[in-house]
Amino acid sequence: MTRFQDRTTAGALAQGKVKRRTILRGLAGGGIATVLGLKAPAVLANSRPFEGVTLQGACFQHVFHEHVKAYLPEFEEASGMKVQIDFQAFPVYNQRMDLELSTRGSSYDFINITFPYSGRWVGAGWLHPLDDFIADANITAEGWDADDFVSGTRAPFFNAEGQTCGFPWEAGAMMAGYARFDLMEAAGFGIPETLEEFEAMNRALHGKDGFAAYVNDKLHHWNFPPYLMNFGGGVFRGAPEDLMPILDTAEAAEAAHYYAALLSDYGARGVLSFTDDQALRMQLNGQANARTNAMAWVLPLTQSPDSKVRETTRYGMIPRGKAGSFPGSNANGYGIPAEARQKEAAWAFIQWATSKETFRKIALERGGLATPRRSIIDDPEYRQRLMINGQDVASIYLKVLEEAGEGGYMKYRTVPVFPQVGDKLNKAIERIASGQMSAADAMKAAQSEAIDDLRKAGIAL
Amino acid sequence: MTMADTTQFLSRREKIIANLAVILLAVMTLLPFLWFVIMSFKPVDQIFAGVSGLFFTPTLENYAGLVNERFVRSIWNSIVTSTVSTGLALVIGVPGAYALSRAGLKRDRTMSLLILASRMAPPVAFAIPYFLVYRTLGLLDTQLGLIIVYLTFNLALVVWLMRNFFDATPRELEEAAWIDGASLWGTFVRIVLPMSIPAVLTTGMLCFLYSWNDFFFALTLTRNSAMTAPVEVVNFMNYEGWEWGKIAAGGTLIMAPVLVFSLLMRKYLVAGMTAGAVKG
């Protein structure tokens, strides 16, 4: 097994002050195990194995990290290390981290693996595989349990060899959020189960007093694929091995026509340029009804203090199509850059931040409910928190995460070249929804442009 | 012939049309700024309220939200990097431009062109080399690192603009000073520089604007310590949502000093813009 030593602990080891085995035992069974909520031998309970180490991390700004910061002093006290995290805005972070990783930088000991970039960062070998760490009982606490993560949430962090290069701190499960279920009921509709019912409902509700039946943001590469698959289409022929795009099929054209019509016929005015935030605000104000997106984007309808639709919101699975139901899922995670200098200390931090105990506290004490661990989702208290307006939202959440993991249909998102193809999907939907092209022509153009881009990227098709 | 003289040839109807065209153009140009400034005074829930959002009670909550250590530091970083890089570019570049103008070197035009070449390539072409060198030298995320980059680009602008200005300036005054016993440096400081104030101010203003508004290098070469205001404003575009009110307030604050300075200096700016336009 490859070993990496921390600069400071290495110095201490060299001077014979600290025995390596003592450090590892201390990590596994001592203070850190205590803050992980695991049983530790009393003799090691006060061990501070990383005394003097300063760990440098980088993450995009997200409320989850605020929760982590709140509990960080406990970890620092137990481990002895100091953890410094650079927080940057989502677009700024991704830009900077892409440059940092692609130039094999060693500035950071741990980083946030952004879901849309996971394929690129993991696939390119820029992140250190964690399997050796997980398998080593000396540095991984016994009850930490990697298998407790819902399988779909780990998928983005496996490389082509099947090695684990990160662990999720957040899981996104796509579902439908209906902000004005009162209007739906008044029009005689329940939660739509099929795309036909969904369209009928949108047709009935749209247009009254500027009210939009449907709203979504402009990231069609994330929003559209579930519809694409529901109609029997797909993005690649067999990701991750066979990356030939299949955007020009009859099913893809039919799906694109359906989805673009949702935007153009039933969407809010200006919907084609909406950001996540704009789409959310339309729903929060009760100006739009349905949106299909990750739980983190539809949960504020009932959780946000700005919401005017708390009582009238209901949730459901994304309506199924003729080929079935393929709700999207995603996960943002922590990983260790390949060139990081303090890998073991970084692993200790990741273990703590993604432990059952930390997730449980974050979910139940601070409301961070998009957890990737099954044991937390199954927790009765958690279930109670997601019992909203009489609906068991936790079940919808878990079902989506499981389906995505078992079905493997989210593999398209984890290939390094997906961003190029996703860009073509964005363009195609815009062309159709704005009336510039028919669905068949737009998807044919997307196919041709995607193939060109993939060949330029050196992909053999 | 001045603009006022030119309008004498316009009929009343033509003058009205010309004025309306100017007003329309000004409105078209300024409307986005006005919209942005108004947005900065709107309550968060009114920002995208459509027609009903036209009538709102102004609030300073978006500006109050900016009063934190991080944003203040970013403004300070912007002030330091822009001012120092502009000052250095002028101190080094103006004498350089004068020398190029007066020395009568062979291929001096080629030299000027080479100096300007650094501004011809897109910034992205320099980003990765700078990033790698800075990482090795420990200049990443430092004010000095940004100052060096801005100086590199501003120097070229200063030399190019000021050289053209000096070329168009008559040499008789300098020759008179030499006859009176002034040294070359003394002539430059006592005679040439005072004559060049409008051009120096205009050039300095352009350099300052470039540094102040730079986003790309500040994004690439800084993290948190030396981050400048334009990048910090983008930090309000979060994963969970964009804080439009703070983005507008931050953007307005970034625009304000440049706008005020430009208005105060507009007399010199106009003079500087037209300096050297007509030789002799």
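Only the coordinates and a few stated rules stand behind these numbers; no lab work does. The structure displayed is predicted, hence computed values, not measured ones. Backbone-built Cβ (ideal geometry, glycine too); neighbour counts: all protein chains shown.
Things to note:
- Relative contact order, whole percent, for chain A stands at 24, derived from Cα pairs under 8 Å and 6 or more residues apart.
- Whether region A:333-461 is rounded, prolate or oblate, judged on the alpha carbon gyration tensor where a/c under 1.5 counts as rounded: oblate
- The protein assembly as shown: C-alpha pair distances exceeding 49 Å, %: 28 percent
- Net charge in the neighbourhood of residue A:449 (other residues with Cβ under 12 Å of its Cβ; Lys, Arg +1, Asp, Glu -1) is +2.
- Annotation note: trypsin sites (Lys or Arg not before Pro) in region B:80-163 located in DSSP loop regions with a Cβ neighbour count of at most 10 within 10 Å are B:106, B:107.
- Degrees, to the nearest 10: A:90-102 long Cα axis against longest axis of chain A: 50 degrees
- More than 15 angstrom apart: percent of Cα pairs within region A:253-294: 42 percent
- Net charge of Cβ neighbours under 12 Å - reference residue A:382; Lys, Arg +1; Asp, Glu -1: +2
- Whole-Hz couplings from phi, Karplus 6.51/-1.76/1.60, listed for region A:340-351; x for Gly and Pro: 4, 9, 10, 5, 5, 5, 4, 5, 4, 5, 4, 4
- Relative contact order computed over chain B (Cα-Cα under 8 Å; 6+ residues apart), in percent: 29 percent
- Between 0 and 90°, nearest 10: helix A:63-79 axis offset from chain A longest Cα axis: 10 degrees
- Centroid-to-centroid separation of region A:394-461 and region A:129-169 [C-alpha atoms, Å]: 27 Å
- Among A:290, B:113, A:186 - extreme Cα towards positive end, dipole of the protein assembly as shown, charges at beta-carbon: B:113
- For region A:309-461, the dipole from Cβ point charges (+1 on Lys and Arg, -1 on Asp and Glu) about the Cα centre works out to 40 debye, to the nearest 20.
- 3J(HN,Hα) couplings calculated from phi for region B:251-262 with the Karplus curve 6.51 cos²θ - 1.76 cosθ + 1.60 (θ = phi - 60°) are, in sequence order, x, 5, 5, 5, 6, 4, x, 5, 5, 4, 4, 4 Hz; Gly and Pro show x.
- Residues B:232, A:199, arranged from fewest to most other Cβ atoms within 10 angstrom of their Cβ, appear as A:199, B:232.
- Intensity falloff of region A:158-230 expressed as log10 I(q)/I(0), Debye formula with alpha-carbon point scatterers, at q = 0.15, 0.25 Å⁻¹: -0.68, -1.29
- Taking amide H atoms as placed 1.01 Å from N in the peptide plane, the amide H of residue A:169 lies under 5 Å from those of A:332, A:333, A:334, each 5 or more residues away in sequence or on another chain.
- Convex hull volume of region B:66-274 per residue (C-alpha atoms, cubic angstrom): 145 Å³
- Computed from the Kirkwood radius of its Cα pairs, the Stokes-Einstein diffusion coefficient for region A:289-377 at 37 °C and 0.692 mPa s stands at 203 µm²/s.
- For residue A:109, distant residues with modelled amide H under 5 Å away: A:56, A:57
- Computed over region B:1-135: relative contact order in percent, which uses C-alpha pairs under 8 Å that are six or more apart: 11 percent
- Principal-axis tilt of helix A:439-456 within chain A, Cα atoms, nearest 10 degrees: 30 degrees
- Helical contribution to [θ] at 222 nm, DSSP H n ≥ 4, -39,500 (n - 2.57), averaged over the protein assembly as shown, rounded to 500: -16500 deg cm²/dmol
- Take each residue of peptide A:86-96, count the partner chain Cβ atoms within 10 Å of its Cβ, and average: the result is 6.
- Pairs over the 19 Å Cα-Cα cut-off, from the set A:361/A:399; A:218/A:322; B:42/B:246; A:308/B:246; A:343/A:411; A:218/A:427: A:361/A:399; A:218/A:322; A:308/B:246; A:343/A:411.
- At 1.306 mPa s and 10 °C, Stokes D of region A:333-388 from Kirkwood alpha-carbon radius, µm² per second: 127 µm²/s
- Derived scalar couplings between HN and Hα for region B:29-45 equal 6, 8, 4, x, 5, 4, 4, 5, 5, 4, 4, 5, 9, 8, x, 3, 6 Hz in order, rounded to whole Hz, by the Karplus curve 6.51 cos²θ - 1.76 cosθ + 1.60 (θ = phi - 60°), x for Gly and Pro.
- Within the straight-line cut-off of under 28 Å between alpha carbons, the lysines reachable from residue B:267 are B:15, B:279, sequence neighbours fewer than 8 places apart in one chain being disregarded.
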